[in-house]
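The values are calculated or read from the model by the stated rules, or taken from the named source; none is laboratory data. Please read all numbers here as calculations on a predicted model, not as lab measurements. Cβ placement follows ideal geometry from the backbone for every residue including glycine, while neighbour counts extend to all protein chains displayed. Calculation scope for accessible area: heavy atoms of the full protein, side chains included, ligands and nucleic acids excluded. Shrake-Rupley method; radii C 1.70, N 1.55, O 1.52, S 1.80 Å.
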Amino acid sequence: SRRKPLSPNRTFLDISTRLLKNEPIRVVFVNDNGVYAGAGIGLKRQAQAFALAGHEVTIIALNGEDPMVAKCFSEFETWLDAHDVNLTLHQAITPKATNRIGQFIFIDFIRELSSKSSAPTLYIFGNLHSYPISPSFIPWLISEDHACIFYAHDLDWISGGCAYPQYYNCLNYLLPEGCLESNCVMPDHAYPTSAMGRKAANFAFRDLIVSTGLMPILCNSSWTLSHFRDRFPKLPILLEALYGLDTSNFGRSNAVRESKRKELQIHDDTLVIAIGADDDSRPGKGGGILKDIIRKMEGRKNIF
């Protein structure tokens with residue numbers, strides 16, 4: 001069937017009206033790795049916030065092959081069991097169909113899940129770059145009058161599929177021709193996998209979708225927002241929406257601090273240095289800083 005042209009829809013207005021009336025809406029989060037890894041944890045917090053507010057929430061992970069995606073979904077079930085919320089989890093089965101650049105096509109999967117509710121639905125897209133995912137379902141959803149928002153956890157959607165161009169001091173995404181295989185300085189087979197052999201196509205698709213202005217972009221920091229503004233200076237809907245902080249895990253309670261020190265047998269006069277990263281060898285994850293700290297602290301006492 002002939003695809004409808006992309007055009008502004010009234011679903012955002014319907015959703016806004018419901019929210020102003022404190023009526024529930026349906027929120028569908030779509031990303032690659034579900035609640036796994038850093039961006040997944042951020043998505044989980046957003047999903048929990050909507051669910052605890054009484055909305056119907058679905059999380060769709062399109063990476064059907066990484067066992068960590070399923071493992072983190074399973075662990076998340078513990079939280080779901082302890083809370084009376086309407087939140088469901090779906091991990092896609094890798095489809096057989098791919099496009100011409102080897103990305104898997106998920107339109108049928110998204111269409112099937114979209115048809116299961118008649119309520120106005122807000123789609124929030126997270127990272128789509130740890131796996132060769134075709135984002136072709138995004139213009140399809142927009143053309144079907146679904147409200148779609150992209151949440152920028154990194155710089156993937158201003159480039160040809162490079163999550164952190166600053167790792168390589170690269171500004172090629174600002175060139176008129178954008179990101180190409182021939183001008184890319186990212187090492188072969190470096191993360192993210194979505195960019196492998198698809199940089200020019202990724203850049204063109206992102207430019208086509210984002211520059212229409214039909215999909216608002218929410219950024220996770222002022223720094224990310226500034227880069228999106230550099231890339232899309234005329235885009236009317238660029239917003240900053242920071243993560244909420246889980247105060248049950250992250251707080252300034254002296255009692256909690258003292259309890260953790262006792263649990264880990266750390267004396268009160270011991271300096272604690274903590275760093276978190278899924279891979280400290282990757283540029284930008286702080287591994288180099290940690291090694292420098294260890295060198296400077298060598299020989300000093302009372303350090304944990």
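A few remarks follow.
- Sites L235 and E177 - FRET efficiency at Förster radius 25 Å, r taken between beta-carbons, to 0.05: 0.80
- The Cα atoms of region 57-135 give a gyration tensor whose axes a ≥ b ≥ c have a/c of 1.5 or more with a/b no greater than b/c, which makes the shape oblate.
- Global form of region 1-154, assessed from the alpha-carbon gyration tensor, a/c cut-off 1.5: oblate
- Distance between the pseudo-spin-label points of S281 and A53 (7 Å out from Cα toward the beta carbon): 4.2 nm.
- Acute angle (nearest 10 degrees) that the helix 37-52 long axis makes with the longest principal axis of the chain, alpha-carbon atoms: 70 degrees
- Calculated P(r) tail over 17 Å for region 72-197, as whole % of Cα pairs: 67 percent
- Burial order of peptide ranges 65-72, 47-54, 144-151 (average beta-carbon count within 10 Å, highest first): 144-151, 47-54, 65-72
- Accessible surface, the chain, averaged per residue in Å² (probe 1.4 Å): 56 Å²
- Here the calculated FRET efficiency for V272 and K71, from their Cβ-Cβ distance with R0 = 25 Å, stands at 0.30, rounded to the nearest 0.05.
- Our estimate of slack between I105 and V256, defined as 0.36 nm per intervening residue step minus the Cα-Cα distance, is 49.7 nm.
- Lys/Arg +1, Asp/Glu -1 at C-beta; the chain dipole; positive extreme among I237, G287, A147: I237
- Rolling a 1.4 Å probe over the protein heavy atoms of the chain, with every protein chain left in place, gives an accessible area that is 53 percent carbon and sulfur.
- Helical runs assigned H by DSSP (4 residues or longer) give the chain a calculated mean residue ellipticity at 222 nm of -10000 deg cm²/dmol, each run adding -39500 (n - 2.57) before division by the residue total.
- Seen against the Cα atoms of the chain and their longest principal axis, helix 222-231 is set at about 40 degrees.
- Calculated FRET value between Q265 and I289, using beta carbons and R₀ = 22 Å, to 0.05: 0.25
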